[in-house]
1. List, please: which pairs have Cβ atoms under 7 Å, are six or more places apart or on different chains, and start with a residue in region 311-326 that is basic (Lys, Arg) and end with one that is open to solvent by less than 10 Å² (accessible area, probe 1.4 Å)?
2. How about region 221-311: which helices (runs of 4 or more DSSP H) wholly inside it have at least 3 residues that are over 11 Å from the mean Cα position of the chain (by Cα) and aliphatic (A, V, I, L, M)?
3. Quick one: GLN303 ticks every box in (1) free of Cβ contacts under 8 Å to residues at least 40 places away in the same chain; (2) within 23 Å of ASP138 (Cα to Cα); (3) surrounded by 14 or more Cβ atoms within 10 Å (Cβ to Cβ) bar one, so which box is it?
4. Any idea which residue in region 71-84 is modelled with the lowest pLDDT, counting only those that are part of a loop (DSSP other than H, G, I, E, B) and within 17 Å of CYS285 (Cα to Cα)?
5. Please determine, by comparing only the residues of region 253-300 that are open to solvent by 30 Å² or more (accessible area, probe 1.4 Å) and charged (D, E, K, R), which one is nearest to GLY166 (Cα to Cα).
6. For region 182-214, which residues satisfy the criterion of being more than 22 Å from the chain's Cα centre (by Cα) and part of a helix (DSSP H, G or I)?
7. When you go through ALA327, ALA336, ALA270, ALA321 one by one, which is the residue that is touching a strand residue (DSSP E or B) at 6+ places or on another chain (Cβ under 6 Å) and of a type in the set (Gly, Ala, Ser)?
8. Which of the residues that make up region 308-326 are open to solvent by less than 10 Å² (accessible area, probe 1.4 Å) and among the aliphatic types (A, V, I, L, M)?
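The values are calculated or read from the model by the stated rules, or taken from the named source; none is laboratory data. Worth saying up front: this structure is predicted, and the values here are computed from it rather than measured. We place every Cβ from the backbone using ideal geometry, glycine too, and count neighbours over all the protein chains shown. Heads up: the accessible areas ignore ligands, DNA and RNA and are worked out on the full protein's heavy atoms, side chains in. Shrake-Rupley method; radii C 1.70, N 1.55, O 1.52, S 1.80 Å.
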Amino acid sequence: MADMRSDVRALLEPIRRIHEAIREAVVEACEAAAREQSDRLADVAEEAEGDTIYAVDRVSEERLVTLFEREVAPAAPLVLIAEGLPGGKIVLPRGSSEEDAVWRVIVDPIDGTRGLMYQKRPAWILTGVAPNRGPETDLQDIELAIQTELPLVKQHLCDVAWAVRGEGVTAERYNRITGERTPLRVRPSQATTIAHGYAGLARFFPGAREELAALDEEIVRGALGPVQRGKASCFEDQYTSTGGQLYELMCGHDRFMADLRPLMEPLLEARGVALGICCHPYDLCTELIARELGVIVTDPSGQPVRARLDVEPDVAWVGYANGTIRAQIEPLLQGAMQQRGLLEPAAARRG
């Protein structure tokens, strides 16, 4: 175990260099588009099976393999997993076998494409590194996670955070103007209630928004009681980036977040409606950082989130800033899901 930790720790700086190169390329592309007053980065480049690939995605994807070939593959063979690669993965160095790979590395070069391409909100580069346990290697096998903020053109400060399992979290803030790097302390909220804080369910896209909103309303009413005239008991923030949502939990901005989109499929099928886009493992590959900080990340049943490191699986997840928030919200969340047939009762799950 000690040798494995030492080996994975050695990948930190090379992967940080990869993130910085991608950040520089993406920011340059965004700045060029801004100068030209062009929305070309929002052009659809490809309709992939898992998601729509926009022109801005190509900026990072084109560099991804080259950077991993140069920075990481010389040290040990790896399986690189990312959307946009043929079959969703490539073995590096080229010609190596998947069975001989030491690592499986899952990457989302731009998580939050839609917000970034319209310069509404920063996106994130996400990377998780796990020992190669074959095709069934999953999120819980990740030993090193790194996420780097892709800033807006008008934004000169951007953050990066990383964690090795069992060793806590390190974060820093980078100044694009001066090049200065400042240590950053990130800490989840210690609040004991969602009252007057940010909490909610992800419902970014058309499809099941009315059902997700009804779930959200039921949970909030159960936790905080009926709405009082002229008052706002809590707030929500639809940040269209899973890495961004996790970071908001990490740094104390959000207290509760759940993405239940995959659970909506039976309801939508009954209406003859397709599910649409969901969270994938590459979107959630940095949840190790959140866990190392004390954020509680589970699946809808309250268990650790498990999903093989691939580009295809749909993943539902729930995040609580701390155990007290979990105690307040989880029974309400699970009860609302059970009432709608989205989750089996606990006794049935144990049986």
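1. Short answer, once both residue conditions are applied: ARG326/TYR320.
2. Qualifying helices (runs of 4 or more DSSP H): 265-271.
3. With (1) free of Cβ contacts under 8 Å to residues at least 40 places away in the same chain; (2) within 23 Å of ASP138 (Cα to Cα); (3) surrounded by 14 or more Cβ atoms within 10 Å (Cβ to Cβ) applied to GLN303, the lone miss is (3).
4. GLY84
5. The selected residue is GLU292.
6. Across region 182-214, the qualifying residues are GLU210, GLU211, ALA214.
7. Answer to the selection: ALA321.
8. Answer for region 308-326, where residues must be open to solvent by less than 10 Å² (accessible area, probe 1.4 Å) and among the aliphatic types (A, V, I, L, M): LEU309, VAL315, VAL318, ALA321, ILE325.
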